[in-house]
Amino acid sequence: MRTHTFRATLAALFLPLVAAQTAGDGTLTLQPQSKLWVNGTSTVRSFKCEAGSLDARVVTVAPGAVRSVIEGAKAVNSAALDVPAKALDCRNGTMNEHMLKALKANQHPTIAFKVSSYDVAKADTTYKGTATGELTLGGVTKTVTVAAQIREDADGTLRIVGTHDLNMKEYGLKPPTLMMGTMKVNERVTVGFDLRLKG
């Protein structure tokens, strides 16, 4: 009798947790038009490095959750974005080489952002969102909050557009220097993104 009661109590405690973990039966897939880039400056000129590939994993509470996200509902169970460091192309072979060295791409090949929480709110005729999570760059992980504009395109695609400033030195990275030190990259860069997700 006691065993039956104990098992029933365990079931009552853990079934809601199991249900919550298995509720995510929808996904949002990153579309090919998605873009991510890094803008920076140096003592000689500005530069832009674009990511040739990126991968996102977004699990939602149900299929077709784009409208729910736009309306501010907590429709996403988990979200993560990975960028291969070697996929960054600065349109200059020498700059690429120095940037990959600065990012410690051989030892830490992936730049990753894992979302821990997010909020969406309507601002006038647009929607604005913030995502807080763990950004890993060069093997160092820090908690950051990223702001973006969010909208639903005519074809039902969730579009997330924004920028985020970061300091390379805060991640233990040494900004590249070229031309025997005459060109020095500023430690502050801006990461831009235009992500398109569809259920």
Based on DSSP H runs of at least 4 residues, each adding -39500 (n - 2.57), what is the mean residue ellipticity at 222 nm of the chain after dividing by all its residues, to the nearest 500 deg cm²/dmol?
-> -5500 deg cm²/dmol
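Would you calculate the volume per residue, in Å³, of the smallest convex hull containing every Cα atom of region 44-123?
Cα-based convex hull of region 44-123, divided per residue, equals 141 Å³.
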Average Cα contact separation per residue, region 25-198, under 8 Å, 6 or more apart, as relative contact order % = 25 percent
Roughly what angle does helix 2-22 make with the longest principal axis of the chain, taking Cα atoms, 0 to 90 degrees, to the nearest 10?
-> 40 degrees
Quick one: work out Rg over Rh on the C-alpha atoms of region 25-198, Rh as Kirkwood radius.
-> 1.00
First select every other residue whose beta carbon is under 13 angstrom from the beta carbon of Ala112; then total the charges, Lys and Arg +1, Asp and Glu -1.
-> 0
Of all the stretches in the chain, which is the longest one without any exposed loop site, taking trypsin sites (Lys or Arg not before Pro) in a DSSP loop (any state but H, G, I, E, B) with at most 15 other Cβ atoms within 10 Å?
-> 92-199
Against the longest alpha carbon principal axis of the chain, how many degrees, from 0 to 90 and to the nearest 10, is the axis of helix 93-102 turned?
-> 50 degrees
Past the 23 Å Cα-Cα mark, which pairs from Lys142/Lys198; Lys35/Lys74; Lys35/Lys198; Lys35/Lys114; Lys35/Lys128; Lys142/Lys174?
-> Lys142/Lys198; Lys35/Lys74
Which FRET efficiency, nearest 0.05, do Ser46 and Val115 yield, Cβ-Cβ r, R0 35 Å?
-> 0.75
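Readers should treat all values here as calculations from the given coordinates under stated rules, not as data from a laboratory. All of these numbers come straight from a predicted model, not from anything done at the bench. Ideal geometry is used to build each Cβ from the backbone, glycine not excepted, and the neighbour counts take in all protein chains shown.
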